[in-house]
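Inspection log for the structure reproduced underneath, given as structure tokens.
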Amino acid sequence: MIKDVTSTKEKNAFLFCNEAIVRGALESDVKIVAFYPGSPVSEILDIFYQIADEFDIKIKIASNEKVALEIIAGASMGGQRSFTAMKSVGLNVASDTFFSLGYTGTNKGCVLLFADDPFCHSSQSEEDGRFFGPAAYIPMLEPTDPIEAKEMVKAAFEISEKFNSLVLIRTTTRINHQSTIVPINPLERSAFEKSSFRSYNRTFSTVGSVARDLKLKMLERIKKIEEEFENSPFNKIREGKGDIGIITSGISYNYIRESCIKLKINPSILKLGTTYPIPNKLVSNFIAKLKTLIVVEELSPYLEKHIKALAKEVNPTLKIIGKQSNHFSEAWEYNVPIVLGVLQKIYEIELDISYNQIIENANKLKSILPPRIPVFCPGCPHRATFWALQRAIGGNSKNIALMNDIGCYSMLLINAELYPKLHADDLLLAMGATLGVSSGVSLASEEKVISLIGDSTLFHAGLPGMVNISNNQEDVVVFVLDNSVTAMTGQQPNAGTGYGPGGKNKNKIIIEDMLRGMGFENVIIVDCFDTKNAITPIKNALNEKGPTIIISRGPCALWNDRNKRKRGEIIPHYYVDWEICRKCHTCMRDFYCPAISMESKYKEYKDKNEKLWKGYSSHISAELCDGCGVCSIVCPYTDSENPSDTDVIKLYKEGEES
């Protein structure tokens, strides 16, 4: 709860890990924060968004992660404690600046938290971001639970200031989404007062001979940090029995502890909280007397390879069990059954319970259930856009290539079978990649190239690609899906929304003006909810040469509903007149709105031509309907522009009972 996150008193509170992270930053007296939203750390932005004014924190929602990192780096150089959080693929975007900061260092405490996403819950790759630390010579901490995450944030600010270095905190989805009782320390914050960049008498330039000198200083700095990490309280040893030991970090430690309890075993366990630089002396002492070492870590054998190198000197006969011994996989996230299964084999223990059998039984039960794929929300503007695009393509499906991007519309890939004419699985790489790839495909292939990109993604990483398309007059149709916010991560504002934290007005970037300023001449704006009238301009664009921009505009349904509720507006909804429904199910078959289902009552209807229509009518859920009205446009027996009593799909009148 926000009240617990912002409490000034000492107490224990039940906190979501992302809340605990914010609390750690508050207790560290952070002054400036900047973010681009991304799961699994979006809630960190959202909480700061709500509390920034209360604590006089300067918050910026940046156009992308690179800019967010540059903002907090600049804030640190200017004398203020600063913080950002991003997902691992966001750190890819920020990496150019990130690597340079390894050379230049920072001034006041500067902390970057990034989250890996094993199992690709909300990402396009299972990236292991731990390699960023050693590649850039930037120290890295890794928590196992919300309590440690909070304390590591506080420690990271101290380490940053002691060594004038940016500090990384690495989490994973299962860490960010944990909850537990977290000790809350008294909150003592100072007033925000501007510092002076000049007062530090430092420069932050790196190139040529300057960079070569800085490299030596950077290497010296990381050695000092390693010495400090040898005694870090975040590296913990649980002394056990026998000559088998375990080294782990992050979420895997929790799986190990539970597995050991279930198996009633007591191996020595070294939990590493400082995963770069790795405390070599501590690790060496731990493995020196062991016969067997089990390394448990998700994704790459990051720790395992380092420990193997140490073992050659310290304990050459040590048997190391991990990924390279094929006991653990480099794919997907771990859980208790996976870790317990490996420990069972090593300790030769049988249990009464078989997790594999439980999973097998569960899969048998799941096999009889109908598939329930994720679909766009009721009232989502993208559904309406894709309906119009399918019809504009008509019988020319083989003649198009569709390049998709990252946003709610990425879900088109999961819905590929629902939109067969769009070739939804043609491409989905990374934010902004649709535009550059579209240029390449248009040069190499005879198909008409369609590129999809959202408003937030356009601001994030799409502008260079847009400049390239305009400058070279590539034969590409670019759909800018403008739903007013960064919808997929929680409806955070972007440069085209017009407001920022606290609802304060921001300079709103008008997308069509920006694109015309880039040199695009053919910029078409369509109302995606006026779906039938959107078909013709889309069809014309597909038949024209040269670049065409189609801005398909319509607000995110969740964001729009929230605003309507704030204004006290009634959200209208539609219903199907069962008595005159022709049971053609066009609204279900072609539009796929989750608010529309099939009625259970058999009905018959005889039209004015004496034709008998019989079957089960469609049904619109009043609880789910968003009132966008597109189903009434899609229905072949409803005239949405000139409604009458004979229309099948009708709008409830204000105040009418559903």
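The values are calculated or read from the model by the stated rules, or taken from the named source; none is laboratory data. Note that this is a predicted model, so its numbers are computed, not measured. Neighbour counts are summed over all protein chains in view; Cβ atoms, including those assigned to glycine, are modelled from backbone coordinates with ideal geometry.
A residue that is hydroxyl-bearing (Ser, Thr, Tyr) and either over 27 Å from the mean Cα position of the chain (by Cα) or surrounded by 21 or more Cβ atoms within 10 Å (Cβ to Cβ) (or both) occurs somewhere in the stretch 517-539.
When you look at PHE386, is it under 30 Å from LYS532 (Cβ atoms), of a type outside the set (Asp, Glu) and touching a Cys at 6+ places or on another chain (Cβ under 8 Å), yes or no? It is false that PHE386 is under 30 Å from LYS532 (Cβ atoms), of a type outside the set (Asp, Glu) and touching a Cys at 6+ places or on another chain (Cβ under 8 Å). Would you confirm whether any residue within the stretch 170-193 is exposed (fewer than 14 other Cβ atoms within 10 Å of the Cβ), free of Cβ contacts under 8 Å to residues at least 24 places away in the same chain and out of contact with any strand residue (DSSP E or B) (no Cβ under 8 Å at 6 or more places or on another chain)? Yes.
Of all residues in the stretch 333-360, those being at pLDDT 90 or above and in contact with a Leu (Cβ under 9 Å, 6 or more places away or on another chain) number 6.
Of the residues making up the stretch 483-515, those that are in contact (Cβ under 8 Å) with a residue 60 or more places away in the chain and part of a helix (DSSP H, G or I) number 2.
With respect to (1) closer than 23 Å to ALA384 by Cβ; (2) not in a helix (DSSP H, G or I), the lone exception for LEU458 is condition (2).
Evaluate the following for ILE61: is it without any contact (Cβ under 8 Å) to a residue 40 or more places away in the chain and over 24 Å from GLU148 (Cβ atoms)? Write out each step before concluding.
Working: without any contact (Cβ under 8 Å) to a residue 40 or more places away in the chain: no; over 24 Å from GLU148 (Cβ atoms): yes.
Against the criterion (without any contact (Cβ under 8 Å) to a residue 40 or more places away in the chain and over 24 Å from GLU148 (Cβ atoms)), ILE61 does not qualify.
Within the stretch 260-286, the residues that satisfy the criterion of being surrounded by 21 or more Cβ atoms within 10 Å (Cβ to Cβ) and closer than 24 Å to LEU340 by Cα are PRO267, ILE269, LEU270, LYS271, LEU272, GLY273, THR275, VAL283, PHE286. Taking ILE524, is it touching a strand residue (DSSP E or B) at 6+ places or on another chain (Cβ under 8 Å) and outside any helix (DSSP H, G or I)? Answer is yes for this residue.
Among the residues of the stretch 589-611, is any hydrophobic (A, V, I, L, M, F, W, C) and in contact with a Pro (Cβ under 6 Å, 6 or more places away or on another chain)? Break it down into steps so the answer makes sense when it comes.
So the first thing to find is which residues in the stretch 589-611 are hydrophobic (A, V, I, L, M, F, W, C), and the list is 591, 593, 595-596, 598.
Restricting the remaining residues to those that are in contact with a Pro (Cβ under 6 Å, 6 or more places away or on another chain) gives 593, 595.
Taking every residue of the stretch 589-611 in turn, at least one turns out to be hydrophobic (A, V, I, L, M, F, W, C) and in contact with a Pro (Cβ under 6 Å, 6 or more places away or on another chain).
Please specify each residue of the stretch 561-574 satisfying the condition of being in contact with a Leu (Cβ under 9 Å, 6 or more places away or on another chain) and buried (at least 18 other Cβ atoms within 10 Å of the Cβ). Once the filter is applied, which keeps residues that are in contact with a Leu (Cβ under 9 Å, 6 or more places away or on another chain) and buried (at least 18 other Cβ atoms within 10 Å of the Cβ), the stretch 561-574 yields HIS573, TYR574.
Looking at the stretch 1-112, the strands (runs of 3 or more DSSP E) lying wholly inside it that each contain 2 or more residues that are assigned by TED's automatic domain parsing to the domain that holds LEU187 and crowded, with 23+ Cβ neighbours inside 10 Å sit at 32-35, 82-87. The helices (runs of 4 or more DSSP H) found entirely in the stretch 547-658 that carry 1 or more residues being closer than 30 Å to GLY503 by Cα, modelled with pLDDT of 95 or more and in the same structural domain as MET488 (by TED's automatic domain parsing) are 557-566. So which residues in the stretch 125-147 are of a type in the set (Asp, Glu) and surrounded by fewer than 24 Cβ atoms within 10 Å (Cβ to Cβ)? Those that are of a type in the set (Asp, Glu) and surrounded by fewer than 24 Cβ atoms within 10 Å (Cβ to Cβ): GLU126, GLU127, ASP128, ASP145. Here ARG212 meets the list (1) of a type outside the set (Ser, Thr, Tyr); (2) in contact (Cβ under 8 Å) with a residue 60 or more places away in the chain; (3) over 24 Å from ALA25 (Cα atoms) almost entirely, failing just condition (2). Candidates SER597, SER552: the one that is under 26 Å from VAL485 (Cβ atoms), under 31 Å from the mean Cα position of the chain (by Cα) and polar (S, T, N, Q) is SER552.
Determine whether the stretch 475-490 contains at least one residue that is over 26 Å from ASN92 (Cβ atoms), over 23 Å from the mean Cα position of the chain (by Cα) and crowded, with 16+ Cβ neighbours inside 10 Å. Taking every residue of the stretch 475-490 in turn, at least one turns out to be over 26 Å from ASN92 (Cβ atoms), over 23 Å from the mean Cα position of the chain (by Cα) and crowded, with 16+ Cβ neighbours inside 10 Å. Considering the stretch 295-316, the residues that are closer than 17 Å to THR172 by Cβ and in contact (Cβ under 8 Å) with a residue 60 or more places away in the chain include one that is surrounded by the fewest Cβ atoms within 10 Å (Cβ to Cβ), namely SER300. When you check LYS224 against the structure, is it within 22 Å of SER300 (Cα to Cα), touching a helix residue (DSSP H, G or I) at 6+ places or on another chain (Cβ under 9 Å) and not polar (S, T, N, Q), yes or no? Spelling it out, it is not the case that LYS224 is within 22 Å of SER300 (Cα to Cα), touching a helix residue (DSSP H, G or I) at 6+ places or on another chain (Cβ under 9 Å) and not polar (S, T, N, Q). In the stretch 361-418, the qualifying residues are those that are among the basic types (Lys, Arg) and either surrounded by 11 or more Cβ atoms within 10 Å (Cβ to Cβ) or more than 20 Å from ILE538 (Cα to Cα) (or both), and the one that is modelled with the lowest pLDDT is ARG372. Within the stretch 286-300, the set of residues being in a strand (DSSP E or B) and within 25 Å of the chain's Cα centre (by Cα) is empty. Condition check for SER442 on (1) within 27 Å of the chain's Cα centre (by Cα); (2) part of a helix (DSSP H, G or I); (3) over 17 Å from ILE511 (Cα atoms): one failure, at (1). If you go through the stretch 317-341 and keep only what is of a type in the set (Gly, Ala, Ser), in contact (Cβ under 8 Å) with a residue 12 or more places away in the chain and out of contact with any strand residue (DSSP E or B) (no Cβ under 7 Å at 6 or more places or on another chain), you end up with ALA331, GLY341.
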